[in-house]
Amino acid sequence: MNEKVTVYDGKMTKTINNLDAELATIRAGRANPHVLDKVTVDYYGAPTPIQQVANISVPEARMIQIQPWEKSMLKEIEKAILTSDIGINPTNDGSSVRLVFPELTEERRKELAKDVKKKGEAAKVAVRNIRRDGNVAFKKLKGTEISEDGIKDLEDELQKVTDKYIAKIDKMIESKSKEIMTV
């Protein structure tokens with residue numbers, strides 16, 4: 001692969017990684033500790049990810065248990081979860097916080113599947129924008145040491161890379177949607 005195309009390949013990889021992280025935070029009926037990835041607690045005045053102040057485990061298929069290393073953090077963790085967009089009320093038993101995930105309704109599953117598609121489309125748009133930026137940069141090389149055929153080759157190579165990432169995004173959307181729709 002040409003090093004001029006490799007730059008755009010790297011940017012597209014970042015887009016895929018970002019989509020993967022976003023899809024991991026969408027809950028699909030089962031307890032997934034990644035739903036807490038974006039939740040931060042006030043730890044002595046500093047916003048800190050929950051994973052850095054507590055042990056997170058999944059004792060049952062639809063439950064997440066959060067055991068803080070300091071008992072004083074229980075209230076902070078509970079407050080952070082309530083103010084986040086997870087949509088689950090935490091249960092505080094004095095030593096740990098539990099999140100019990102309700103069974104998803106058919107309607108909610110369809111909503112989540114639509115949300116997954118939207119995120120996938122946004123990622124595709126980002127990949128296509130990267131391709132466009134690359135093609136614009138290649139056109140600016142006209143008149144330099146690269147011939148018009150060379151520029152055309154670069155554009156073709158970038159298109160192949162783009163197609164590869166679009167197909168990867170489609171697979172990610174399909175598998176996440178299937179996971180959500182599985183009862």
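The rows are residues; the columns are (1) in contact with a helix residue (DSSP H, G or I) (Cβ under 9 Å, 6 or more places away or on another chain); (2) within 30 Å of residue 25 (Cα to Cα); (3) modelled with pLDDT of 85 or more; (4) open to solvent by 30 Å² or more (accessible area, probe 1.4 Å).
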{"position": "71", "(1), (2), (3), (4)": "no, yes, yes, yes"}
{"position": "80", "(1), (2), (3), (4)": "yes, yes, yes, no"}
{"position": "154", "(1), (2), (3), (4)": "yes, no, yes, no"}
{"position": "162", "(1), (2), (3), (4)": "yes, yes, yes, no"}
- Checked segment 94-108 for anything under 23 Å from the mean Cα position of the chain (by Cα) and buried (at least 18 other Cβ atoms within 10 Å of the Cβ); matches are 99, 101, 104
- Query: Do the conditions hold for residue 158, that is, is it closer than 23 Å to residue 9 by Cβ, in a helix (DSSP H, G or I), modelled with pLDDT under 90 and touching a Lys or Arg at 6+ places or on another chain (Cβ under 7 Å)?
  - Reply: no
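Quick grid of which residues meet (1) of a type outside the set (S, T, N, Q); (2) modelled with pLDDT of 85 or more; (3) outside any loop (DSSP other than H, G, I, E, B); (4) within 26 Å of residue 122 (Cβ to Cβ):
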site	(1), (2), (3), (4)
7	yes, yes, yes, yes
11	yes, yes, yes, yes
19	yes, yes, yes, yes
22	yes, yes, yes, yes
35	yes, no, yes, yes
38	yes, no, no, yes
- segment 130-152, subset within 28 Å of residue 20 (Cα to Cα) and buried (at least 18 other Cβ atoms within 10 Å of the Cβ), residue farthest from the chain's Cα centre (by Cα): 134
- Task: Would you tally the residues in segment 57-69 being open to solvent by 40 Å² or more (accessible area, probe 1.4 Å), in contact with a strand residue (DSSP E or B) (Cβ under 8 Å, 6 or more places away or on another chain) and in a strand (DSSP E or B)?
- Result: 4
- Message: Going through 91, 6, 40 one at a time, which residue ends up being loosely packed, with under 14 Cβ neighbours inside 10 Å, farther than 30 Å from residue 159 by Cα and of a type outside the set (Lys, Arg)?
- Response: 91
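The values are calculated or read from the model by the stated rules, or taken from the named source; none is laboratory data. Nothing here was measured: the structure is a model prediction, and the numbers come from that model. Note that each Cβ is placed from the backbone with ideal geometry, even for glycine, and that neighbours are counted across all protein chains shown. Surface areas here come from the heavy atoms of the whole protein model, side chains and all, with no ligands, DNA or RNA. Shrake-Rupley method; radii C 1.70, N 1.55, O 1.52, S 1.80 Å.
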